[in-house]
Each structure stands twice: as C-alpha cells, then as structure tokens.
Amino acid sequence: MPEPTEEQRKQWEEKIKNMSPEELQELQRQQCIFCQIISGKIPSKKVYEDSVCWAILDINPAAKGHVLLLPKEHYAIMPQVPEKVLGHLSIVAKNLSQVLLKVLRGDGTTVFVANGAAAGQRAQHFMVHLFPRKNGDGLLSAEERLVGADMALKVKAAIEKKLLTLLGGKKEIQKQLPREEIPSGAEKKVLAVESEFFITSPSAKRYHKEKCAFAQNIPEENKVVLSREEAEKTGRKPCTCVSGKKIPLVKPPKLPKVSKAKPETTAATARPIATKPKDRPKDKQPTPTKTKRGEGASLDDIAKLFK
Amino acid sequence: MECEYCDILAGKSKAQLLYEDEKVIVVVKDMVFTPGQITVFPRQHFTIMEQVPDEILTKCIIAADKTSRAVFEVFQSEGTNILIRNGLGAGQKVPHFAIEIIPRREGDGLNLQWQPKEMNQDDLDITAHQLTEEIAKLGDFISPKKREESKEKEKKDGKEVKIEAKEEKENYLVKSLRKIP
C-alpha cells in the first residue's frame, strides 16, 4: 500500500473526528486482528468456541498451552464488556483452566487481563490470557511487598464511595454514610446528646435511662429507644432515674455497645427511631467502627492529598 | 489451615474492608504489587478457581470489573491488570481464591509481562489437539438450558417422590384404619 500523502492523512483525521461512536467501533473492528481471526480471515489454533466466545492458542505464548479467551463481539477494554459476557467468560476460563492443569500437568494457572497499553495490552480486543504455570518458571515475576497500613487507608478513603456506587452496595452505603457525615467534632456532641435518649418497652408506662435497673430488666427484644419528647407524647412518665428524685439500683453499665449504637442513630437521622435491639448489634458490631470513625473525618483530607 | 482472607472476615486482619455482600468481599490488603491494588474474593472459602461455583465466580468477576472501573476513575490510572493466581505454581500466596485488580501506569516498573516464546507449528497443533479433545470431554459446561432442564427433572423427581410418600402415608393410615376392629 502506498504511503498516504499529507492531504489524505488530514482527510482521514477529519473523518475519524466526525465519526459517531458506532462508526468508530466499526472501524476498530475492521482494524482488529482478533476480529479477523474470529471471522476466519486469519488462521488460528482454535481450542474452544461457543455462541459468545472463542479460545485460541497464543502464537507467541508465555508457556505451552497459553490460551486466549476472546469474546466474539469487539470490545476494546474490560469496562465495555457486558456483565453477562464477563460471567460467561469466567465460567469458560474456569473450565479451560481445569483442562490446562489436567493436560499439561501444571502447578497452577494464571488468569490475566490487561486493560490499556500501560497494563501491557497489545491488541485492541479484550481478551483473557490463561496459561499453565510451573514452579519457578519466572513468569510474571513481580513480587508483592508490604505497604504501610496508612496506604491501605488512603486507598480505601479514595475509592470507597465510587466503588459502592458502582457495586450498588445499598446496605453498605447506609452504614457508611453516617460515618462520613459526622464531622470530627461531632463525636463529643453525640456523647452529650446521648443522655437525651431513654429506654422503654412497648407496654411500659415509664421511660428510663439506659443505666437504670428497670431499663436493664426489659428483655432485649422489647427495648425501645426514644427521645424525651417521644416518650412524653406517648403518655409515658419519667422513671425516678430520669426525674432524679431517687436513684434506683444501678448495675454496672451493661453493654458498651448500646451507647455506641445511639450516636449512630442520632447522626444518621437526627431524629431518634425506635430501633429494635436486634438491629442494633448489627450497627455496632464493628467495635473498630468507632476508631475508624474517629479517623474518618481526617481520611477525607488524606484522600485529597492522595489525589 | 489458616487463611488470611478468612481472617479478614473474622476481623483479625489489618486489611481494609471496602465492600461485602452475601457472596463477594472487596478489600485493600497491605501486601500488594503496587499501592491502589484491590482484592476481590468470595466470602466462602475456596482454595482454587476450579472449586468456585459458577454463580459465585461470575459475581466475583463482575465485582472485579466494577472495581477496575472505579480504579480507572479514582486513581486516574492508565490501565489495570486483573490477575488470578491459581495454585502455588502461579504464585498464589493465600489459600483462598482471589482476583487482584492492579492499577497500572506507564513505566511503573511492574513486571507483569512475559517473554514470548517461539513455538513451532507442530507443537501448537499438538497442544491445540490435546486441549480440544479434553474440552470436548467436558461436554456442554455452559448451556443454561440443559441445566434448567436437569433442574426441572430433579424437581419433577422430587415431586413424584413426595407424592409417592403421601400415598404411602395414606396407605398406612388406611391400613391402620382397617386394623381397627
């Protein structure tokens, strides 16, 4: 093919600029070696085919039995590949890996995807590399190293939100959000507010402080947490522990967990909810939550630095 | 056997938990190829990929894909590697199946490449033949239709068994009735 002249090149560039994404994809498809292999224009060593994907042997393999798993559709990188296809590929990869282990008697298999040239992607077609490994074959020789715990925290702070939105971790978001909403100073305030919460049971006529012996006699599943207002509205009267006339027998504070659960409800809703105690242990279960939360506020700052 | 990833779930590790649901866990470990690396693994303990049920494996891969997207966006990385080290020979360190998502940059010095080998055509042909034969032995390992059919069959069988059991019970009752003088 003759070298294109300056003008032709410019024309091409113009054309590419004006192309719609679909047209661009079509062009990429025409240029893609692997699409030509799949369409049979270029010969290959096929080992497996179904309606979604192909598996062929790599011509320049990392090891004997290096298989490339390709979706039939043209996708340049992994984010473009639909979930269904990815799931399908993973199942095929699993079975191929099994076959590789059996036939070539490897000590293991590597499943490898490169997204982008920086990651070592050579062709513009998404593919899964799958090859058998032998002990000491020296492939993929990068070694893991220990990084400080603060690095893990930075990474977490930076990526957590994005990841949760992508994964749709609703449960997690509910858990996480309050943590982020609490500014660093809020911890103390919350503690101050804590005493404004009282415990009662659905049938009780009085409400109690958490430490009150009466409150502790209420079975866990009947405990209802409410504010003074709510308690008064429902016609409940303060126990002596609240009105302060007489101090009833005080047992040592029962579960430190209970006090932790409260700040979370306060901060999350600004309005106390009658929580069933069965739910509560869930929120508080991570005792480390508290320490994390303490760091949570400053983590945002770290995240900014990290970016 | 001790398992580092199961320890993470038990809260015994320094690793940071990013996401969890019934099947899939996403964490940041402190042993990594490069900062920003994220690990996805199934909640249930499986040592190697071959043991992981299709459903869970699929969920892991999808989670890995989404993690990779998040890594692209948040760290503005120029690429990502998705790596499964399956077995000791492949450098698997923890006896728990996991997918690593590794953010990459031009010139980050990570050696996640291999020296391509020259293979002669005959060798390739032989390997291809061996693999194709073995894969054929597996039969249709994907077709969901077949699976559904087999499930339905199982269900039907189950129903029949139940019906039979009922009949037996009735028979028994009838018999017992007859026994009463």
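Just wondering, is there one or more residues in segment A:56-64 that are out of contact with any Ser or Thr (no Cβ under 9 Å at 6 or more places or on another chain) and more than 18 Å from B:LYS117 (Cα to Cα)?
Within segment A:56-64, none of the residues are out of contact with any Ser or Thr (no Cβ under 9 Å at 6 or more places or on another chain) and more than 18 Å from B:LYS117 (Cα to Cα).
Out of the residues in segment A:88-107 meeting the condition of being surrounded by fewer than 23 Cβ atoms within 10 Å (Cβ to Cβ) and outside any helix (DSSP H, G or I), tell me which one is farthest from the other protein chains (Cβ to nearest Cβ).
This residue is A:ARG105.
Give segment A:63-84 a look and list any residue that's crowded, with 22+ Cβ neighbours inside 10 Å and either within 8 Å of another protein chain (Cβ to nearest Cβ) or part of a helix (DSSP H, G or I) (or both), or say none.
A:GLY65, A:VAL67, A:MET78
Residues that are under 17 Å from the mean Cα position of the chain (by Cα) and in a helix (DSSP H, G or I): does segment B:38-46 have at least one?
no
Output the residues belonging to segment A:55-75 that are of a type in the set (A, V, I, L, M) and in contact (Cβ under 8 Å) with a residue 24 or more places away in the chain. Walk me through it before giving the result.
Kept after step one, since they are of a type in the set (A, V, I, L, M), are these residues of segment A:55-75: A:55-57, A:59, A:62-63, A:67-70.
Matches in segment A:55-75: A:ALA55, A:ALA62, A:ALA63, A:VAL67, A:LEU68, A:LEU69, A:LEU70.
Is there a residue being charged (D, E, K, R), loosely packed, with under 11 Cβ neighbours inside 10 Å and farther than 25 Å from A:LEU140 by Cβ anywhere in segment A:37-56?
First, pick out the residues of segment A:37-56 that are charged (D, E, K, R): A:41, A:45-46, A:49-50.
Keeping just the survivors that are loosely packed, with under 11 Cβ neighbours inside 10 Å gives A:41.
Then drop every residue that is not farther than 25 Å from A:LEU140 by Cβ, which leaves A:41.
Yes, because at least one residue in segment A:37-56 is charged (D, E, K, R), loosely packed, with under 11 Cβ neighbours inside 10 Å and farther than 25 Å from A:LEU140 by Cβ.
What do you reckon, is B:ILE8 surrounded by 19 or more Cβ atoms within 10 Å (Cβ to Cβ), more than 10 Å from chain A (Cβ to nearest Cβ) and modelled with pLDDT under 90? Can you show your working first?
Details: surrounded by 19 or more Cβ atoms within 10 Å (Cβ to Cβ): yes; more than 10 Å from chain A (Cβ to nearest Cβ): yes; modelled with pLDDT under 90: yes.
Yes: the conditions hold for B:ILE8.
I'd like to know if segment B:25-44 contains one or more residues that are at pLDDT below 90, over 26 Å from A:ARG122 (Cα atoms) and surrounded by fewer than 20 Cβ atoms within 10 Å (Cβ to Cβ).
Yes, that holds for at least one residue.
Conditions (1) free of Cβ contacts under 8 Å to residues at least 12 places away in the same chain; (2) within 17 Å of A:ASP58 (Cβ to Cβ); (3) outside any loop (DSSP other than H, G, I, E, B), marked per residue:
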site: B:CYS60; (1), (2), (3): no, no, yes
site: B:LYS66; (1), (2), (3): yes, no, yes
site: B:GLU106; (1), (2), (3): no, no, no
site: B:GLY109; (1), (2), (3): yes, no, no
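Scan segment A:167-190 residue by residue and report those that are at pLDDT 50 or above and either over 21 Å from the mean Cα position of the chain (by Cα) or within 30 Å of B:GLY91 (Cα to Cα) (or both).
Restricting attention to segment A:167-190, the residues satisfying the condition of being at pLDDT 50 or above are A:167-169.
The one that is at pLDDT 50 or above and either over 21 Å from the mean Cα position of the chain (by Cα) or within 30 Å of B:GLY91 (Cα to Cα) (or both): A:LEU167.
For segment A:108-141: of the residues being in contact (Cβ under 8 Å) with a residue 24 or more places away in the chain and β-branched (Val, Ile, Thr), which is surrounded by the fewest Cβ atoms within 10 Å (Cβ to Cβ)?
Taking segment A:108-141 as the starting set, the residues that turn out to be in contact (Cβ under 8 Å) with a residue 24 or more places away in the chain are A:108-110, A:112-113, A:115-116, A:121, A:123-135, A:137, A:139-140.
Those left that are additionally β-branched (Val, Ile, Thr): A:109-110, A:113, A:128.
Numbers: A:THR109: 32, A:THR110: 29, A:VAL113: 28, A:VAL128: 25.
Taking the candidates together, the pick is A:VAL128.
Among the residues of segment B:151-168, is any modelled with pLDDT under 85 and under 22 Å from the mean Cα position of the chain (by Cα)? Write out each step before concluding.
Start the filter on segment B:151-168 by keeping residues that are modelled with pLDDT under 85, which leaves B:151-168.
Within this subset, residues satisfying the condition of being under 22 Å from the mean Cα position of the chain (by Cα) are B:151.
Yes, that holds for at least one residue.
Please state which one of B:ILE56, B:ILE38 is over 21 Å from A:ARG133 (Cβ atoms) and in contact (Cβ under 8 Å) with a residue 60 or more places away in the chain. Before you say what the answer is, go through the steps one by one.
Working: B:ILE56 fails: in contact (Cβ under 8 Å) with a residue 60 or more places away in the chain.
One residue alone meets the criteria, B:ILE38.
Identify, from the list B:PRO53, B:PRO103, the residue that is at pLDDT 90 or above, more than 7 Å from every other protein chain (Cβ to nearest Cβ) and in contact with a Gly (Cβ under 8 Å, 6 or more places away or on another chain).
Working: B:PRO53 fails: in contact with a Gly (Cβ under 8 Å, 6 or more places away or on another chain).
Of B:PRO53, B:PRO103, the one residue that is at pLDDT 90 or above, more than 7 Å from every other protein chain (Cβ to nearest Cβ) and in contact with a Gly (Cβ under 8 Å, 6 or more places away or on another chain) is B:PRO103.
Tell me which residues, restricted to segment B:70-100, are more than 7 Å from every other protein chain (Cβ to nearest Cβ) and of a type in the set (Ser, Thr, Tyr).
B:SER77
If we scan segment B:85-95, do we find a residue that is under 20 Å from A:ASN135 (Cβ atoms) and in a strand (DSSP E or B)?
Taking segment B:85-95 first, the residues under 20 Å from A:ASN135 (Cβ atoms) are B:85-95.
If we keep only those that are in a strand (DSSP E or B) as well, we get B:85-86.
Yes, segment B:85-95 contains at least one residue that is under 20 Å from A:ASN135 (Cβ atoms) and in a strand (DSSP E or B).
Taking segment A:133-153 on its own, how many of its residues are part of a strand (DSSP E or B) and more than 8 Å from chain B (Cβ to nearest Cβ)?
Filtering segment A:133-153 down to residues part of a strand (DSSP E or B) leaves A:133, A:145-146.
Now restrict to residues that are more than 8 Å from chain B (Cβ to nearest Cβ): none.
Residues flagged as part of a strand (DSSP E or B) and more than 8 Å from chain B (Cβ to nearest Cβ) within segment A:133-153 amount to 0.
In this structure, does A:ILE42 turn out to be among the β-branched types (Val, Ile, Thr) and either in contact (Cβ under 8 Å) with a residue 40 or more places away in the chain or part of a loop (DSSP other than H, G, I, E, B) (or both)?
In short, yes.
The values are calculated or read from the model by the stated rules, or taken from the named source; none is laboratory data. Treat the numbers as computed from the prediction; the structure is a model and nothing was measured. Here the Cβ is made from the backbone with ideal geometry for all residues, glycine too, and neighbour counts use every protein chain on show.
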